[in-house]
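Asker: Questions regarding the structure given below will be posed in turn.
The values are calculated or read from the model by the stated rules, or taken from the named source; none is laboratory data. Since this is a predicted model, take the numbers as computed values, not measurements. Glycine also receives a Cβ, built like all others from the backbone with ideal geometry; neighbour counts cover every protein chain displayed. What goes into the accessible areas is simple: the full protein's heavy atoms, side chains included, and nothing from ligands, DNA or RNA. Shrake-Rupley method; radii C 1.70, N 1.55, O 1.52, S 1.80 Å.
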Amino acid sequence: MEKFGNFCDTPLWNYTDSRNASFPVMTPCFQHTICPSIPLSFVLLFTPFLVAYCSRHHDPSLKWTKRLIYKLCLTCIAVVLSLAQLYLVVDGWLPDVLSYYISGVFTFITAIDVLLLLLLCVSKGVVTSGVLHITWMLVLVSDIPQLLWWIEQFKIQSDLSSVPCGPVRFAFFVSRFLTSLQLVFIHCFADVHHTTGYENLTDSDNTMPELKRSFLNRITYWWASVLVKKGYYNPLTMGDFWKLSARDRCQALHGAWRKLWEPAYKEYDRKRIAFQSSNQSGDKKAPKMPSVLLILVKICWRTLTTAFALVFPYLFLEFCKPYLLKKLIEFVDHPDQPLWKGIFFALLMFLTTSINSLVNNYYFLEQTRGAINIKSVLFPAVFSKTLKLSNAARKDKTAGEIVNLVAVDIDQIEDIFFDGILLFTAPVKMIISMIMIYQLLGTATFFGVGVMALLIPINIVMVNRQKKLQVKQMEYKDDRLKLMNEILNGMKVLKLYAWEPSMEKLVSDIREKEMREHKYQIYTNIVQDASYYCTPFFASIAAFAAYTMVGSGDHLLTPSKAFVSLTLFNMMRWPLASMPHVVLCAVRANVSLKRIAEFLTSEELNPNAVEHSKNENAVELQQCTMSWSPETITPEEQNAIALKDISLAVKRGELVAVVGKVGTGKSSLLSAIMGEMYKTKGRVLVNGSMCYVPQQAWIQNMTVRENILFGSPFNQQRYDQVVEGCALLPDFAVLQAGDKTEIGEKGINLSGGQRARVSMARAVYQNNDIYLLDDPISAVDSHVARHLFTKVIGQSGILANKTRILVTHSLTHLKHVDRIIVMTDGRISEVGTYDQLIKDGGAFADILREYLAEMIERQKSEHSVLSGADLDDIEEDDALNAILSELTAKNLSALSSPSVSRQTSVARQTSITRQTSRQPRTHNISVSSDTSMRGGTKDRPPESEVNVAGTLIEEEEVETGSVEWGVYGMYARAAGLATVTGYLLSIIVGGGGFEVASSFWLADWSTDSTLQRNATHSTGERLAIYGALGMSQALFVGISTFFVAIGSYTASKRMHGALVHNLMRCPMAFFDTTPLGRIINRISKDMDKADDHLPQGLSYCIAVSNDVIVSLIIIGVSTPVMVVGIIPIIIIFVLIYRYYVRVSRQLRRLFSTSFSFVCSHLQDSIAGVSSIRAFKAQDRFCDHMEKLTDTNVGIYYHSMICNRWMQVRTDFVSNVLVLITALAAVYFGRYSTLSAGILGLTVSYSLNITGYFGELCRNWREVETNIVSIERIKEYSSKPTEADWESSVERKPPASWPTRGSIKFDRYSLRYRSETDLVLKQVSVEINGGEKIGIVGRTGAGKSSLTLALFRIVESAEGSIEIDGVDIASIGLHDLRNSLTIIPQDPVLFSGSLRMNLDPFGNYSDSELWTALERAHLKPFALESADKLDQIISEGGGNLSVGQRQLLCLARALLRKTRVLVLDEATAAVDVQTDANIQATIREEFADCTILTIAHRLNTIMDYDRVIVLDAGQVREFDSPGVLIRDHHSAFHAMAVDAGLTS
């Protein structure tokens, strides 16, 4: 090459010298121009990015440590040396050529730029900079050619006299080189911040140390070694993790989301309202929903941009491998080249693969950060939206669907952010591969491209098909989770009615539909996987055939062409093989994004429904018409209007009572004041803060004290006042940890009365201005109700100065209120004081008259004993006395004795107190044991459930150590052992064997071409055999894909079936102590892993393992001596993996556990959303969700960090193997007889194994973590179960059993666990058939335990129970429970038809169903709907009042009509007249039945045949109520005195 005149004094590149020289030397011109331009270009390119990063950095400045000062001094020395070099040129010490000026200027600009950047980093508190570190490394590397040149000059002449200004220049060079070397070393360490307090704060805050470590530490993940080491020696716990960096926490990310989403949503809502009002004809297009994806990209753009930018160096370095392979094979083919060239190519191959590994791992880390940011945004976004949903939207968006959004849909969106970049990189990788193949094979490449083009139409069809299938599958998944959520919430009712098989079948039917869509998806995946896997091979065959057969005679398939082409085709295989997965992820993400967008754009409560005023009235409604639906369109929907023309003004400090029959709109009135309803017209004005006490008490899974405080600061004086006022002190005395006792989900270890009083205490403690009380005193006994009214609600109570609106049915307290509002059919029919309304004789007087008349009528048919306390209420009330006298004048014979008159008074008190439209009555601790059917004494939780610390909910079990092989065995058995065996044989023997054969055949073919020995096998024969081997391989791979599909489908069906079946058979104690979020987590997220992620990951892992084995076999067979180097490499690889995998497993388990907390908090908040909104606690609950999300995604991020830690190290091991193989090829190519084809084959597969090792580790880690889901499913599939449902043939009772209904307890004892005390002790009672028995007792007496024993909810410790002479322990649970009937206190309904809720097994005809509805007084309600018996009941019976739900439970009992009936306040939620009708129905339909009633109030069982009085688990008294109450020494008499029934 000619000189550049005055530009250089030597050629820029001397090709001849560099090719033939025994020692690599670059020309001075190259050294002075190209070399210094490399670091300069890099630092100038990245200076703007570093400046931008520093401008956003707000940490304190760096501390001037000795290391930082030394670093600054070295940088200054580098600047001085560059100036000195420039001075030598300017002063004439060097030849006057431009290249020397360029070298000086470039070096100086680089040094001064680095110095300025270093000072910027110091001032902005940037502890490390990759830009500065890499710049100094490039400076060092760019000086290596000059170092080699100086070494060569020393060889020529040691005194350097032939070099102009040689000694001086050499001294400057050595100084600069050593300075650069020191700077490279010192940049390996991070600096520290100046402020000591900041350091301490950061350390104590336990923030992720990543940002406090050096660049080299970060890219090698050395900082994560502490966590890996800790997890290797000890199982990790929640306290072992660092907190996420501020940039990755929910607080920052969700704040960014709100700024972007809220304006977009408001604009969309405005357009939607305009569309709904203007689109009467239905021909306009609905407005487009805001793009969730676009907003997510805006939030995460920096992370996504960083990841995308890293793709380009990754692709460049990736394609350096085949280029270097080509050069290495050409070197082996030409032994006349100098040895240093081969060594140089081998070292360069190692260097590029190593750098590529670091780039690739950092790229994956940024992908991970983007993925967790998606969760950190969407988890709180979905949660906060849940708290804003309107009532109509809440009906459409069930709890199960919302949990599915969080558990499945967000994961699928996360997956596309993680893998979506492959949609770009995979096509680019294939295009570059094809270009490089074209350079090798010429136009023959287009034959291969043509084969690959066939994928396009297949892919289009498959993607469209998958999208449709995914939409349907997610709909079925929503339905399944919704049903399972209802089943788990109503498990008590299922067990009492023996409905588990019916509900299991419903779940199975939905699952069958879901899996049918999943199966079709699997079939499309088979087509895609087979086509993508086989395409590279068929493309290579087409290209090789065209090249060798169509071209001229010089088209020989040489080793370099064959194996470089094969490497490039193999590089296309994994992008192509991953495309089905990525496309499927894209389809699923698209569906999930749409579903989440639909949810996030659902209708919200109108924030302006309630106006905040400053007038004298605390609450004012002005001509308000309200409904529970957005609008009433047709006359059939008029019943949607709940309140009509309501005008009301409540003054500050006023106590107002709201009364009326069931369904007249009392609770709706409170909802309207809270803004929970749709306002058709009118205004709602509120002056002050509100508190709400709902009918159905909402209790959180935390301690009693935390439930009462509800986030408010603790004030001992006020707390004591509230607790005493709400009558909670006796409860604290019996709770094992007092007010620090943990309450289970939904308050399962508290009675209904306790839950109501805790709910009341929560509201009272808040000390707000306005109190909306939705019949809270109905859930307690009469004397406790008086206490609550006197101490809390009334004019002398804690709330005396507050505004109180009280919905009630208790007439006792009405005369003590300021005003009474009477509701009739959604209107206010009367407003006035108690005396005014009695005097007016309107609706209120009618209510009194109706209720007293019903009591008199009942008195005729029932002969109760006397009571005295409530008679005083009537005697003191002249108005009631007048009404009573009027009614009794017609019934003098029936009321001739004082006792009868007093009995009527007792009945009156009971009946009126029972009326409510929304909540069943519960009981009070002072009278009864306050137990529930869920497993034991409520006020004093069973010892099996509460430990000495007051903890009820058991900690979720987290397995430690390796996953048991039994878990893999379970999955293999579920998939089918024959299927698993077939898969392994097809992929390992078929796919692997044929790949080895085809590779060696290609090596032999290329060697023959080189040696011109084509006579032994013609080109046609070569192609035919190569094609046959490849097609056989493709066939076996296709068969293996089919086996994976069938196996995964079968395993998913079996595991889900086993999980649901075992859950149905678990005892109630399991559900009482296990948060439903944990169970839902198994059914949703873990099952989703088993359905989709695990089969894909496991099959992919086995396929990669097969490729690793094939590569090792080929390397070992080609060059046997390589086995010596391979064995230690494999050992090191296994040791690294074993060190890491312990941590990985534990992280996965903890991740699943932390997600259970997210699900539990979400479900708990959905259940109490009205209370949360009324207390204005949305922000606090959202903050808690953010903390839970940070914990969950933090564990996931730790898992990914540990994965990168492992990947970097295994990649390094793989790269060492590449170096060894390449050096071996150089050696054997020069000094042995091995052919270039064999050596090319060896190096080609050693390059492949680099990627294979990484893929194997990554996918095996995924398998290890996903198999934990199977472990968790297995755990709940093997939980201890109840006894058998069905009896053995010889013990099965007759179909008519029991015929009499006699019950005998023979020395019966019961305990909840073997190590706990007895709760029933030696109970011996005989009950005759047809008797009416009341069961009473004080708190903890064991009443409900007796009922649980009867239904075998808890099994006996000793003794027996016989029904009609049959020992119930000897028969199946369903044989027993189907023969008993219970009307539970809490009515539970399921989403589905009215028919299904009445008769889930389909055992009764329509006429029988209608008869039952008629006798339960529900027939008019059923006839209102056009669908009649097929009308839909919403989730939890949300579209029915509580009274209607209770009537539906009565209809169930009427259908069953067994000889034994257990009543638990069966008519609690109905009005007076309906109550009277129901009592008549029970007397008529169950006249000859044995009836057991758990007495929440003694006056309900005063007319029973006998009463069982329990005390401390023993029968203390058993006689008729008349006998017991006349015995002043009896426990029953004492209880009657406490209840105010006698004196």
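Asker: Just to be sure I understand, how many residues within the range 1158-1185 are within 13 Å of the chain's Cα centre (by Cα) and either of a type in the set (S, T, N, Q) or surrounded by fewer than 21 Cβ atoms within 10 Å (Cβ to Cβ) (or both)?
Answerer: Going through the range 1158-1185 one residue at a time, the tally reaches 2.
Asker: Taking the conditions exactly as written (without any contact (Cβ under 8 Å) to a residue 60 or more places away in the chain, buried (at least 20 other Cβ atoms within 10 Å of the Cβ) and polar (S, T, N, Q)), does SER986 satisfy them or not?
Answerer: The answer is yes for SER986.
Asker: Next question. Before we move on, is THR1210 among the hydroxyl-bearing types (Ser, Thr, Tyr) and open to solvent by less than 10 Å² (accessible area, probe 1.4 Å)?
Answerer: So THR1210 passes the test.
Asker: Condition (residue is in contact (Cβ under 8 Å) with a residue 12 or more places away in the chain, more than 18 Å from GLN182 (Cβ to Cβ) and β-branched (Val, Ile, Thr)) applied to the range 71-88: is it met by at least one residue?
Answerer: No, the range 71-88 contains no residue that is in contact (Cβ under 8 Å) with a residue 12 or more places away in the chain, more than 18 Å from GLN182 (Cβ to Cβ) and β-branched (Val, Ile, Thr).
Asker: For the range 779-811, which positions are open to solvent by less than 20 Å² (accessible area, probe 1.4 Å) and either under 21 Å from ALA845 (Cα atoms) or of a type in the set (Val, Ile, Thr) (or both)?
Answerer: Of everything in the range 779-811, those that are open to solvent by less than 20 Å² (accessible area, probe 1.4 Å) and either under 21 Å from ALA845 (Cα atoms) or of a type in the set (Val, Ile, Thr) (or both) turn out to be VAL780, VAL784, VAL792, ILE793, THR803, ILE805, LEU806, VAL807, THR808, HIS809, SER810, LEU811.
Asker: From (1) more than 22 Å from VAL619 (Cβ to Cβ); (2) surrounded by fewer than 24 Cβ atoms within 10 Å (Cβ to Cβ), pick out the condition that doesn't hold for VAL650.
Answerer: Condition (1) is where VAL650 drops out.
Asker: Follow-up question, since we're still on this one. Within the range 554-577, take every residue that is aromatic (Phe, Trp, Tyr) and either in contact with a Leu (Cβ under 8 Å, 6 or more places away or on another chain) or modelled with pLDDT of 70 or more (or both) and give me the one that is nearest to VAL1037 (Cα to Cα).
Answerer: Checking each candidate, the answer is PHE569.
Asker: While we're here: Scanning for something within 34 Å of the chain's Cα centre (by Cα), modelled with pLDDT under 85 and open to solvent by 30 Å² or more (accessible area, probe 1.4 Å), does the range 664-683 turn up at least one residue?
Answerer: Checked against the condition, which is being within 34 Å of the chain's Cα centre (by Cα), modelled with pLDDT under 85 and open to solvent by 30 Å² or more (accessible area, probe 1.4 Å), the range 664-683 yields at least one hit.
Asker: Please work out if PHE42 is under 53 Å from the mean Cα position of the chain (by Cα) and more than 22 Å from LEU178 (Cβ to Cβ).
Answerer: The answer is no for PHE42.
Asker: Could I ask something else about it? Could you check, for the range 1145-1153, whether at least one of its residues is touching a residue at least 12 places away in the same chain (Cβ under 8 Å), over 30 Å from PRO776 (Cα atoms) and of a type in the set (Ser, Thr, Tyr)?
Answerer: The answer is yes; a qualifying residue exists.
Asker: For the range 30-45, does any single residue satisfy the condition of being in a loop (DSSP other than H, G, I, E, B), open to solvent by less than 70 Å² (accessible area, probe 1.4 Å) and of a type outside the set (Gly, Ala, Ser)?
Answerer: no
Asker: May I pose another question? Could you tell me whether VAL1110 is out of contact with any His (no Cβ under 8 Å at 6 or more places or on another chain) and open to solvent by less than 10 Å² (accessible area, probe 1.4 Å)?
Answerer: Considered against the rule, which asks whether it is out of contact with any His (no Cβ under 8 Å at 6 or more places or on another chain) and open to solvent by less than 10 Å² (accessible area, probe 1.4 Å), VAL1110 comes out as yes.
Asker: Of all residues in the range 1340-1378 being surrounded by fewer than 24 Cβ atoms within 10 Å (Cβ to Cβ), touching a residue at least 60 places away in the same chain (Cβ under 8 Å) and hydroxyl-bearing (Ser, Thr, Tyr), which is farthest from LYS1304 (Cα to Cα)?
Answerer: SER1370
Asker: Something else about it: Considering SER1156, SER1084, SER1105, SER1099, which residue is closer than 20 Å to THR1265 by Cβ and touching a Lys or Arg at 6+ places or on another chain (Cβ under 6 Å)?
Answerer: On inspection, the qualifying residue turns out to be SER1156.
Asker: Additional query: Which one of these is open to solvent by 30 Å² or more (accessible area, probe 1.4 Å), closer than 20 Å to VAL1323 by Cβ and at pLDDT below 85: ASP1511, ASP1464?
Answerer: One residue alone meets the criteria, ASP1511.
Asker: Now, a different point. Kindly indicate which of PHE30, PHE46 is over 30 Å from THR303 (Cα atoms) and aromatic (Phe, Trp, Tyr).
Answerer: Just a single option satisfies the conditions, and that option is PHE30.
Asker: Taking SER1232 as the residue in question, decide whether it is under 30 Å from ASP1004 (Cβ atoms), surrounded by fewer than 21 Cβ atoms within 10 Å (Cβ to Cβ) and of a type in the set (Gly, Ala, Ser).
Answerer: So SER1232 passes the test.
Asker: With respect to ARG1078, determine if the residue is out of contact with any Phe, Trp or Tyr (no Cβ under 9 Å at 6 or more places or on another chain), open to solvent by 10 Å² or more (accessible area, probe 1.4 Å) and either modelled with pLDDT under 80 or of a type outside the set (S, T, N, Q) (or both).
Answerer: So ARG1078 does not fit the description; no.
Asker: Does any residue in the range 279-300 that is of a type outside the set (Lys, Arg) come within less than 6 Å, Cβ to Cβ, of a residue that is modelled with pLDDT under 75 and surrounded by fewer than 17 Cβ atoms within 10 Å (Cβ to Cβ) six or more places away or on a different chain, and which pairs are these?
Answerer: none
Asker: Would you mind stating whether PHE1305 is hydrophobic (A, V, I, L, M, F, W, C) and touching a Ser or Thr at 6+ places or on another chain (Cβ under 9 Å)?
Answerer: Criteria met by PHE1305.
Asker: Also: For the range 259-280, how many residues are open to solvent by less than 60 Å² (accessible area, probe 1.4 Å) and under 14 Å from LEU294 (Cα atoms)?
Answerer: Count: 3.
Asker: Go through the range 1390-1425 and give me each residue that's outside any helix (DSSP H, G or I) and touching a residue at least 60 places away in the same chain (Cβ under 8 Å).
Answerer: PHE1390, SER1391, GLY1392, PRO1400, PHE1401, ALA1416, HIS1417
Asker: Can you tell me which of (1) surrounded by fewer than 22 Cβ atoms within 10 Å (Cβ to Cβ); (2) at pLDDT 75 or above is the one GLY551 doesn't meet?
Answerer: Failed condition: (2).
Asker: If a residue must be open to solvent by 20 Å² or more (accessible area, probe 1.4 Å) and among the hydroxyl-bearing types (Ser, Thr, Tyr), how many such residues does the range 129-158 contain?
Answerer: 1
Asker: Suppose we keep only residues that are open to solvent by less than 10 Å² (accessible area, probe 1.4 Å) and without any contact (Cβ under 8 Å) to a residue 40 or more places away in the chain within the range 738-778. Which one would you say is farthest from the chain's Cα centre (by Cα)?
Answerer: Result: ILE777.
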